[in-house]
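The block underneath contains the structure these notes are about, expressed in structure tokens.
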Amino acid sequence: MPTIRTRALHDANAAPIGAHAPKPTAVTAGLTEAALSIWAEGGVDTGIWECTPGVFTAARVGYSEICTILAGRVTIEVEGEAPEEFGPGDVMVMPSGWTGVWRVHEPLRKHYTTIDDRD
């Protein structure tokens with residue numbers, strides 16, 4: 001039987017994840033993001049993502065995302081729903097087809113898992 005290696009990241013709040021780059025869907029000038037994929041296979045990707053304060057639009061097209069906020073605060077706005085604030089320890093699911101606006105109040109870091117639903 002082949003050995004299956006564990007992939008781990010200790011202290012996800014402090015782990016360096018690389019250089020920030022401009023967020024393509026930013027509404028706020030100067031908003032940047034960075035990400036580190038810890039593991040990806042078979043249409044599943046999991047890792048750490050962070051961004052600076054500001055506003056950006058987001059859409060989950062062809063994939064769903066599950067994330068846990070590690071640090072910072074964000075208000076998520078979805079058309080037809082009341083805005084909802086998330087902070088450290090909160091978990092959210094954005095199913096494929098989801099669209100919304102992220103209002104990041106302070107530097108935000110999350111653990112994410114995306115699941116591709118395209119064949």
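The values are calculated or read from the model by the stated rules, or taken from the named source; none is laboratory data. Bear in mind the structure is a predicted one, so any value in this text is a computation, not a measurement. Cβ coordinates were reconstructed from backbone atoms using ideal geometry, including for glycine residues, and neighbour counts include every protein chain displayed.
Quick notes on this structure:
- Considering Thr75, Thr28, the condition of being loosely packed, with under 14 Cβ neighbours inside 10 Å and among the polar types (S, T, N, Q) is satisfied by Thr28 alone.
One line per residue, one yes/no per condition, for (1) modelled with pLDDT under 95; (2) in contact with a strand residue (DSSP E or B) (Cβ under 6 Å, 6 or more places away or on another chain); (3) farther than 24 Å from Asn13 by Cα; (4) not β-branched (Val, Ile, Thr):
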| residue | (1), (2), (3), (4) |
| --- | --- |
| Phe56 | no, yes, no, yes |
| Arg60 | no, yes, yes, yes |
| Arg73 | no, no, no, yes |
| Glu77 | no, yes, yes, yes |
| Phe86 | no, yes, no, yes |
| Thr99 | no, yes, yes, no |
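- Any hit, the range 47-56, residues being under 14 Å from Arg109 (Cβ atoms) and either surrounded by fewer than 18 Cβ atoms within 10 Å (Cβ to Cβ) or acidic (Asp, Glu) (or both): yes
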